[in-house]
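The values are calculated or read from the model by the stated rules, or taken from the named source; none is laboratory data. Keep in mind it's a predicted model, so treat the numbers as computed, not measured. Methodologically, a virtual Cβ is constructed for each residue, glycine included, from the backbone with ideal geometry; neighbour enumeration extends over all protein chains shown. Areas reflect the complete protein model, heavy atoms only, side chains present, ligands, DNA and RNA absent. Shrake-Rupley method; radii C 1.70, N 1.55, O 1.52, S 1.80 Å.
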Amino acid sequence: MGNPSGATADPDQPTNYLLSKPQYALSYHRDRGIPNWVSWHLDASWRGSAGRQDDFKADATLPAGWYQVQASSYTGSGFDRGHNCPSADRTRTEADNSATFLMTNMMPQAPRNNQQTWANLEDYSRSLLDSGQELYIICGSYGKGGTGSNGGVTQTLDNGRVTVPARCWKVVVILPVGDNDASRVTTSTRVIAVDTPNDNGINTNWGQYRVSVDAIEASTGLDLLSAVSTTVQAAVESKVDTGPTN
């Protein structure tokens, strides 16, 4: 659905560095130690019987000399290693699932947000595959300072090398299974956009945090769904979803 920040695989662009994996693409911010955004496609072909690998690990594909966030970097912080592209969206093979545990795919996320609110949205999104849909999902975070299970606002982890975001957002484009996907997005296509506080007191009903894509773009400076025609973008990005939530 496009490259929201114009990220490139250029080490001289450390705050908007493109990492293109077989399983997802992302823009990495070296100085924040987390992605700006992660984007992936989800259809039935990505789902299989591979188990959750739980092999959190540093991403050795980062440019030489860059600090690699470690599996232990969030330990004791009161924040989960929150997946952007979820483990359960990549169960076709063990290698696909393992790729979601790279620390470049993680953000410090309040446990209630990660394990309940966010998980509920992820589960709902995957349930749409059963009715013949395919999804394009873009996820990220912005701001600085979140409240985890330890209480109080935390700005950074790992001696300042990992920023705790203030907000976590996601955009889900829902299409019937088909080809030439970006060109099939119409003014009536359902697009879910949510923007949640990174706060352990968050409500577990993700539907309460629905916003427009335009609002997320205004907060992040990103150009989401840029591969879609500008006319269609203008229509779908201004709407706030009112569809079902489970």
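Do we find that residue 195 is in contact with a helix residue (DSSP H, G or I) (Cβ under 8 Å, 6 or more places away or on another chain), under 16 Å from residue 120 (Cβ atoms) and among the charged types (D, E, K, R) in this structure? Here the answer is yes, as residue 195 does meet what is asked.
With respect to being in contact with a strand residue (DSSP E or B) (Cβ under 6 Å, 6 or more places away or on another chain), in contact (Cβ under 8 Å) with a residue 40 or more places away in the chain, under 24 Å from residue 85 (Cβ atoms) and among the β-branched types (Val, Ile, Thr), residue 240 falls outside the description. Only residues in the range 119-136 that are over 13 Å from residue 207 (Cβ atoms) and at pLDDT 95 or above count as the first member; pair them with residues that are aromatic (Phe, Trp, Tyr) and part of a strand (DSSP E or B), Cβ under 8 angstrom, at least 6 apart or cross-chain, and list the lot. So the pair list comes out as 136/40. Among the residues making up the range 175-197, those that are assigned to a strand (DSSP E or B) and open to solvent by less than 20 Å² (accessible area, probe 1.4 Å) are 175, 191, 192, 193, 194, 195, 196.
Table: residues versus (1) assigned to a strand (DSSP E or B); (2) not small (Gly, Ala, Ser).
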residue	(1), (2)
38	yes, yes
64	no, no
69	no, yes
74	no, yes
81	yes, yes
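The listed residues are 112, 81, 90, and the only one of them that is at pLDDT 95 or above, among the charged types (D, E, K, R), surrounded by 16 or more Cβ atoms within 10 Å (Cβ to Cβ) and farther than 21 Å from residue 200 by Cα turns out to be 90.
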